[in-house]
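Q: Please read through the structure below; I'll follow up with questions.
The values are calculated or read from the model by the stated rules, or taken from the named source; none is laboratory data. Note that the structure is predicted; figures quoted are calculated from it, not measured. Reconstructed Cβ throughout: ideal geometry from the backbone, glycine too, with neighbour counts over all protein chains shown. Ligands, DNA and RNA are excluded from the accessible area calculation, which covers all protein heavy atoms including side chains. Shrake-Rupley method; radii C 1.70, N 1.55, O 1.52, S 1.80 Å.
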Amino acid sequence: MRKNLAFLATAGVISAMSFGPIQAMAAAVPGFEDLYNAVFVSCTPPAGTPVACEAAINAYSAALVAAGIDPAVALQSFTELRAEIAAAGGGAAIDALFEELLPDSGAIGNQASPV
């Protein structure tokens with residue numbers, strides 16, 4: 001019975017999510033959800049462009065720094081955001097932008113072998 005309830009709850013959440021617009025689902029730093037979502041939208045199709053993405057990343061980063069957020073917390077948020085953007089079709093140009101601005105946020109795509 002518990003398995004059935006858990007399955008139904010999970011299916012309900014997934015179904016509810018499928019009817020709304022795509023939104024960021026990873027780890028926004030609490031209190032910065034709007035900026036996090038702005039980065040997601042600015043870096044994914046159809047509205048995303050490298051220029052808009054860079055501006056949104058810089059705004060989110062500047063807000064986190066100004067608020068004194070622990071750099072490890074900020075990096076974790078950007079790492080999850082980068083992966084989520086890649087999964088949503090952000091593309092190579094956006095991933096290259098993340099690599100340039102936030103190289104520690106985890107490479108997505110094909111990387112050259114260090115050997």
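Q: Name the single residue, out of those in the stretch 54-108 being assigned to a loop (DSSP other than H, G, I, E, B) and on the phi > 0 side of the Ramachandran plot, that is most open to solvent (accessible area, probe 1.4 Å).
A: By that ranking, first place goes to Gly68.
Q: On the given criteria, is Ala62 modelled with pLDDT of 95 or more and either closer than 22 Å to Pro103 by Cα or touching a Ser or Thr at 6+ places or on another chain (Cβ under 6 Å) (or both)?
A: When the stated conditions are applied, Ala62 passes them.
Q: Residues of the stretch 6-48 being in a loop (DSSP other than H, G, I, E, B), out of contact with any Ser or Thr (no Cβ under 6 Å at 6 or more places or on another chain), modelled with pLDDT of 90 or more and not β-branched (Val, Ile, Thr), which ones?
A: The answer is Ala28, Pro30, Gly31, Phe32, Pro45, Pro46.
Q: So, in the stretch 29-53, of the ones that are of a type in the set (Gly, Ala, Ser) and open to solvent by less than 50 Å² (accessible area, probe 1.4 Å), which residue ends up farthest from Glu100 (Cα to Cα)?
A: Here the residue is Ala38.
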